[in-house]
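Undergrad: Quick one: the structure is below, and I'll ask about it shortly.
Rule-based calculations on the coordinates, nothing more; no lab input. Quantities reported herein were computed from a predicted structural model and do not represent experimental measurements. Virtual Cβ from ideal backbone geometry, glycine too; neighbours counted across all protein chains shown.
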Amino acid sequence: MNLKRCSQVGIAASLCSIFAILSVVRAHKDKLLSTSAHFPALLNTSFENYATVQIGSFKTSMAVLSVVDLASRDPLNSSKIIIRRRMLNPDRDEIYISQMQLMVPANITAKNPFDTSQLRPDYAKIDVAARPLIAPPFTVGSLRPDADAQSDVLVIGLGGSQMNNYLHYKFPKVTGSCIHLTPYRFAV
């Protein structure tokens, strides 16, 4: 009989705990279950491993997109900060649309907080997702890794602007044209 009473008390305590947790979640659901996180507008440069800064957002015909700066410490030199600007849909932030590395001043920690919105893109670096797309012309010899080599390049869709910027910066004598496929996709 004592065991039955203990079981009843345990069940009652569990139900009370569940009710309390649901009450807290319901009272704070906007903070706990929000899909679009609000990030600060300025970077606290004393962060430990990584930090996110909100740059802006804009509405497209399909979604509201956010632009954020992702700051992280260099794994080999923790005093060095790396910042990437990323465009994403906050409802699906695990999938990003575009990303580029920014030029970070050596004395970034001298000003805390720091306004990352004024940083310029680092065209000398290309995102890891675009590297397999830019490698084939070098592999087959259409492009040479010589900065003085002259070539004409046509980039079609899929990250074309980032590759075009990279080629223009690293190889100034390369003439690049970039075409986006979206207007033609529906006509086919």
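Undergrad: Scaled to the compact-protein estimate 2.2 N^0.38 Å, what is the alpha-carbon radius of gyration of region 35-122, rounded to two decimal places?
TA: Working it through for region 35-122, the quotient is 1.09.
Undergrad: Less than 15 Å apart at the alpha-carbon level, and either on another chain or at least 8 residues along: which aspartates and glutamates does that give for Lys80?
TA: Leaving aside aspartates and glutamates fewer than 8 places away in the same chain, those within reach of Lys80 are Glu48.
Undergrad: Further, regarding this structure: Taking the Cα centre of region 73-137 as the origin, how large is its charge dipole in debye, to the nearest 20, when only Lys and Arg (+1) and Asp and Glu (-1) carry charge on their Cβ atoms?
TA: Dipole magnitude for region 73-137 comes out near 200 debye.
Undergrad: Also, quick follow-up: How much length is gained on full extension from Arg73 to Ala106, taking 0.36 nm per residue of separation minus their Cα-Cα distance?
TA: Using 0.36 nm per residue and subtracting the Cα-Cα distance, I get 10.6 nm.
Undergrad: Also: Pop out the Kirkwood hydrodynamic radius of region 59-188 from its pairwise C-alpha distances, inverse of mean 1/r, in Å to one decimal.
TA: The Cα-based Kirkwood calculation yields 17.0 Å.
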